[in-house]
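The block underneath contains the structure these notes are about, expressed in structure tokens.
Each reported figure results from applying straightforward, stated rules to the coordinates on display, with no laboratory input. Just so it is clear, the structure is predicted and the values come from calculations on it, not from any experiment. Please note: Cβ atoms are built from the backbone with ideal geometry, for glycine as well, and neighbour counts cover all protein chains shown.
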Amino acid sequence: MPGIRLVTDSAADLDRDDMTARGVTIVNLDVRLGEIGPEITKDWRPEEFWLQCSKSDVLPETSAPSPGAFQTAFQAAKQSGADGVVCVTMSSKLSATYQAAVAGADAMSAEIPVVVVDSLSITMGEGMGVLAGQETAEGGGDLKAVEEATRAALAKSRVFGAFDTLDNLRKGGRIGGAQAFVGSLLSIKPIIEVREGLVEPESRQRTRSRSIQYLADKVRDAGPLRRLAVMHAAAPDVDTLVNLVAESFERDKILVTYIGPVIGTHAGPGTVGVCFELA
């Protein structure tokens with residue numbers, strides 16, 4: 001496909017079938033669940049991941065892709081006739097994925113121009129940048145235009161989440177300032193925000209219903225939005241959140257997506273979240 005190609009990683013929680021149809025390449029992070037290795041988990045859809053987690057006593061583990069995995073994606077873009085690549089990765093403060101993408105881009109520098117963008121975000125916060133960049137690419141934008149659209153969307157995107165527990169974050173070492181919540185998990189439902197590339201505490205709510213309402217209020221109070229996504233980790237009450245945010249944003253334009261294995265490994269089951277891009 002001529003023009004500019006988008007590459008991202010599986011932490012963005014974008015629908016793989018949709019992205020493939022639009023020419024976006026997703027590079028998998030490695031996910032391991034006990035004895036089940038990435039050669040198997042890479043083919044799991046989010047529903048299967050959460051089902052398998054419910055049957056396991058161990059926490060999943062993740063690791064960044066190799067530079068070679070990104071190099072292969074960039075090489076494929078070149079072979080398809082692309083003029084350049086914009087690669088959007090999860091936050092460099094949470095994973096070595098960005099560094100791997102940069103190394104892969106350096107290895108291809110003599111063959112195709114590649115711009116690697118550190119989203120400083122995760123899940124659909126990263127995904128918003130990919131969607132904006134892809135829209136610009138589909139409109140015929142050049143490498144600079146696609147990069148600028150991607151960065152602009154990332155700068156205007158916010159991610160908030162409500163966890164049932166911080167155990168996965170704490171054990172995975174990705175807790176950042178959210179460690180302030182540890183020790184009182186039995187009495188609160190923590191709200192987190194992705195801020196400057198890290199998972200940070202945003203507020204404390206006393207019940208699950210209050211935490212869901214709080215997320216909906218964040219959407220309502222944000223003002224005019226360009227995009228809105230609701231993410232969940234096999235949460236049985238996700239429809240409640242969708243119904244609440246639909247009071248502030250057109251329901252048929254709300255993206256509802258699973259939190260996949262990469263972010264779900266650290267967020268834990270039952271997590272719900274919202275991501276919005278300001279207009």
Open item on the list: Checking a compactness column here: for region 1-158, what do you get for Rg(Cα) / (2.2 N^0.38 Å), N being the number of residues?
Closed with: 1.03
Task: Cα-centre dipole for the chain with unit charges at Cβ (Lys and Arg positive, Asp and Glu negative), debye to 20 - done: 700
- [ ] Please report, in cubic angstrom per residue, the volume enclosed by the convex hull of the alpha-carbon atoms of the chain.
- [x] 115
TODO: Express in whole angstrom the spacing between the alpha-carbon centres of region 75-112 and region 185-237.
DONE: 32
Task: Per-residue [θ]222 nm for the chain (sum of -39500 (n - 2.57) over DSSP H runs n ≥ 4, rounded to 500) - done: -11000 deg cm²/dmol
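Going by average Cβ neighbours within 10 Å, how do the peptides 146-155, 209-218 rank, with the highest at the top?
146-155, 209-218
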- [ ] Report, ordered by chain and residue number, the lysines lying within cross-link reach of residue 218, taken as a straight Cα distance under 19 Å and ignoring same-chain residues fewer than 8 apart.
- [x] 156, 189, 253
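Using Cα pairs under 8 angstrom and six or more residues apart, how large is the relative contact order of the chain, in percent?
With pairs under 8 Å counted, the relative contact order is 21 percent.
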